[in-house]
Amino acid sequence: MSKNLVIVESPAKAKTIKKYLGKDFEVIASYGHVRDLLPKKGAVDPDNHFEMHYEVIEKNAKHVATIVSAMKKADTLYLATDPDREGEAISWHILNILKEKKALTKKSAYRVVFHEITKSAIQAAVAQPRDVSMDLVNAQQARRALDYLVGFNLSPLLWRKVRRGLSAGRVQSPALRLIVEREEEIERFVSQEYWDLTADLLSQQHTFSAKLHTYQGEKLEQFSMTNAATAEQAKEQIEKEAQGRLCVATVEKKQRKRNPASPFITSTLQQESARKLGLSAERTMRVAQQLYEGIETDSESIGLISYMRTDSVNLAQEAIQEIRALIAERYGKENVPEEVRLYKTKAKNAQEAHEAIRPTSVQRTPELMKDYLSEEQFKLYDLIWKRTMACQMISATIDTVAIDLNPCASKDNQKKTIFRATGSVITDPGFMRVYQEGVDDKAEDVGEESLLPPLQEGDIVSLQTLTCHQHFTEPLPRYSEATLIKALEECGIGRPSTYASIISTLQRREYALLETKRFRPTDVGRVVNRFLTTYFTRYVDYGFTAQLEDELDAISRGEKEWIPLLQEFWGPFNHQVLEVAETVKRKDVTQETLEEQCPQCAKPLTLRLGRRDRFIGCTGYPECTYTRSLNANQTNGEADGTSSEETVDKTCPDCGHPLGIKQGPYGKFIGCSNYPKCKHVESLQTANDTGVECPECHQGKMLKRRSRRGKIFFSCSRYPDCKYATWNEPVSEACSKCAWPMLTKKITKSRGTELVCPRATCGFSKKVEES
């Protein structure tokens, strides 16, 4: 057995490090955490200085046994788990287990830390070991204890006050609040109409456009023209003044610089990966972990990127020199700035000893590594490599031009009516040769403005057409993964390493659904948020959550003790839990009284949470059974007014009462108006019928349906007799390759819209031309 035992977290990393350290070292993986709190109440004991009771994680027990056995035969232990709080805690737990098993008697144990898996970094770390940092361990224990105390006390409350099976988290709850508040803001939004005028102009065979900027001597604001009549009146007046010509009044040229973005940290990598690659935060971190731990090449296993859980934008000096040298070699010395670019982190408590996410060597270009990487690995590595290169390049130089034009007919009116045309030209792309940062929502990027013809003051251009355009204001969009992570970061909620788990937890609990890459809160999510914001306001407050994160960071730096922090949190929180359990009734949480009376019995109506969704019901239940569904596209929080008693031109075959259209968990259906005495139901297929024949049974039609998690899919109307289904929209067109009678429409970010054969063995696809 080797004299030195090294413990890492993953087997892939173990294999790589073993090659770097040689035969005197045995490298074993812990497979992540080895111990966790007991999964029952009392695992954290507030009455005994928050003593924490741990147990070995069952699925990792065999790996722990392997570590204990190997340590008994070795002389020296090196704990080389990840360089963060979690990694420090894993090392501490392994150390305690080995001491309990008496496998460390009179043997040396060290902690080693490295931020990239390269031979030089590994050997340097082993040559400079340290002790386990109890400040980092205590910060992790405090975080774990807080999450446990919140979860094990709030979750049972949710079971009793809302619905069984629900849970609440210390960090996930403020994140849910962000999503719900954005949705409520969208529902309250009242769209406003406004108009503008655009002139299509011609000069020297070059067409361009200009917008009306000033009219009747006043600069136009967004709502200067709020109806068609005002816009048309302005159009007629300007056409009369212009008589088909506009004169160039001023030409203003400016030059501006655009600087490159800083190298990636965890949050910006997750945001950019979501924008450009369409990868979830969780998937991004999984792929980044693979790049960090090592990729097999022809000759060796190589860690391609530095550690991916970081909030520092620092780069090592040797890395910067290598980057600058490659920029000069590939793009020319003129693209290397005279001074090294240094970036300042925006995070308040960033780990400045860490590095930003970068390639371990930029000489390993994406093209060189492509054959060794999967498609996702290549795309993410390419993104990281380009961002790292760009961050040390010169700024982009952009020339902007603004041209003001007036009607030529009357000099007196020149300043009363002004059209403005703007354009830009990238004269020196600089870093943009390599990389441009993505943008969210409606933000505009460089290069989107039109190119303008060369014009000078006094030139005359031809007015081709003058067009009135109607617009409506729009609410802020729902959060995407990228914008939600950005909001979490700005609010100080969680830390970079937790964003992926926050998002996946909200989806797993079905508090929010990701629809067309945007988060929509479910009805259950709304009710849970209402409960928490009403009765536990402080604990879902953005400022309080951010302050708690700051205090946990202070513990990791040795500036604050962890037990007093837990005591300060636990007292008021426990008091609030006990008070809510005693005083709040279930209906206080799940029902909201509306300012509306029941159309059948005149009693007040309430908004209630049903088995899955919210609905409007009468407070006179069970004597009055009036209910109606909420419109999925409601505005201002109002119901759609479609009563569950809306009849169809049929009577119930069982009891003779009228049949009505009802709303169930999976959409609308036809049911008897005599419910619950009569439970007859029928499928309402016409609204969801695609008109495409089922390709498997040739009897049913393909229907649009919604899964339990809210995802759209298409399946045969004869289910369960025929179970054929597909995620993509069916198209009534036979496959030209295998003759399967149906194709499906697939939309991807990289390839656009395609018609593909749903048979996995076929692989046929063809591009759909966008109209």
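The values are calculated or read from the model by the stated rules, or taken from the named source; none is laboratory data. Predicted model only: the values in this text are computed from it and were never measured. All Cβ positions, even for glycine, are placed from backbone atoms using ideal geometry, and neighbour counts span all protein chains on display. Remember, those area values only see protein heavy atoms, side chains included, never the ligands or the DNA or RNA. Shrake-Rupley method; radii C 1.70, N 1.55, O 1.52, S 1.80 Å.
Mind jotting down the distance between the C-alpha centroids of the stretch 460-518 and the stretch 286-361, whole Å?
The distance from the Cα centre of the stretch 286-361 to that of the stretch 460-518 comes to 29 Å.
Can you give the extra length, in nm with one decimal, that the chain gains between Ile712 and Ala328 once fully stretched, where that is 0.36 nm per residue apart less the Cα-Cα distance?
Value of the extension gain: 133.2 nm.
When only C-alpha pairs under 8 Å and at least 6 residues apart count, what is the relative contact order of the stretch 88-146, in percent?
42 percent
Can you tell me, using C-alpha contacts under 8 Å and at least 6 residues apart, the relative contact order of the chain as a whole percent?
Rounded, it is 12 percent for the chain.
Whole number in Å², please: accessible area per residue of the chain, 1.4 Å probe, ligands, DNA and RNA not counted.
Value for the chain: 51 Å² per residue.
Loop sites only, by DSSP: take the GluC sites (Glu not before Pro) in the chain that have at most 10 other C-beta atoms within 10 Å and name the longest stretch containing none of them.
Free of exposed loop sites, the longest segment is 1-220.
Could you check the spin-label model distance between Val584 and Thr230? Points 7 Å from the Cα along Cα→Cβ, value in nm.
It is 4.6 nm.
Which lysines, on any chain, are close to Lys650 with Cα under 17 Å apart, when same-chain ones fewer than 8 places away are left out?
The reachable lysines, counting only those whose Cα sits under 17 Å from Lys650, are Lys662, Lys668, Lys679.
For the chain, which whole percent of the accessible surface, found with a 1.4 angstrom probe, sits on carbon and sulfur atoms?
47 percent
Heavy atoms only, 1.4 Å probe, whole protein assembly: order His53, His575, His680 by accessible area, highest first.
So the residues, ranked largest to smallest area, are His575, His53, His680.
How charged is the neighbourhood of Leu373? Take every other residue with its Cβ under 12 Å from the Cβ of Leu373, and add Lys/Arg as +1 and Asp/Glu as -1.
Residues close to Leu373 contribute a combined charge of -3.
In whole angstrom, note down how far apart the Cα centers of the stretch 82-150 and the stretch 524-565 are.
One Cα centre to the other: 26 Å.
Go ahead and run the numbers for FRET between Thr748 and Thr690, Cβ-Cβ distance against an R0 of 22 Å, rounding to 0.05.
Working from the Cβ atoms, E equals 0.60.
When we measure straight from the Cα of Lys346, which lysines land under 21 angstrom away, once same-chain ones fewer than 8 places off are left out?
Lys486
Tyr621 to Glu568: extension gain in nm, 0.36 nm per residue of separation minus the Cα-Cα distance?
Going from the current span to full extension adds 14.6 nm.
Which entries of Lys41/Lys560; Lys746/Lys766; Lys73/Lys106 show an alpha-carbon separation above 18 angstrom in the structure shown?
The pairs that break the limit, which is 18 Å between Cα atoms, are Lys41/Lys560.
Please give the calculated 222 nm ellipticity per residue for the chain, where each DSSP H segment of at least 4 residues contributes -39500 (n - 2.57) and the sum is spread over every residue; nearest 500 deg cm²/dmol?
Helix contribution divided over all residues of the chain: -10000 deg cm²/dmol.
What nm distance separates the two modelled labels at Gln237 and Glu595, each placed 7 Å from Cα along Cα→Cβ?
Going from the Gln237 label point to the Glu595 one covers 4.0 nm.
At 0.36 nm per residue, and after removing the present C-alpha to C-alpha distance, how many nm does the segment from Gln222 to Val768 gain when stretched out fully?
192.8 nm
Under 16 Å Cα to Cα from Lys386, which aspartates and glutamates show up? Leave out anything in the same chain fewer than 8 places away.
Glu272, Glu322, Glu329, Glu367, Glu376, Glu437
Mean separation of Cα pairs under 8 Å and 6+ residues apart, divided by the residue count of the stretch 218-377: what relative contact order is that in percent?
Once normalised by length, the contact order is 24 percent.
If you only keep lysine pairs separated by 8 or more in sequence, or across chains, how many in the stretch 211-302 come under 23 Å at the Cα atoms?
9
At Phe669 and Thr427, where each label point lies 7 Å from the Cα along Cα→Cβ, what is the point-to-point distance in nanometres?
Taking the simple label geometry, Phe669 and Thr427 are separated by 6.9 nm.
Quick check: net charge around Ile179, other residues with Cβ under 9 Å of its Cβ, Lys/Arg +1 and Asp/Glu -1?
+2
What figure in square angstrom, to the nearest 10, would you give for the accessible area of Trp570 with a 1.4 Å probe?
40 Å²
Between Cys697 and Glu375, what is the FRET efficiency for a Förster distance of 41 Å, r being their Cβ-Cβ separation, to the nearest 0.05?
So the FRET efficiency works out to roughly 0.70.
When DSSP assigns beta bridges and you keep just the ones with both residues in the chain, what percent turn out antiparallel, to the nearest 5?
Antiparallel: roughly 90 percent of the beta bridges in the chain.
Among DSSP beta bridges whose residues both lie in the stretch 34-173, state the antiparallel percentage, nearest 5.
Taking every DSSP beta bridge within the stretch 34-173, about 60 percent pair in antiparallel fashion.
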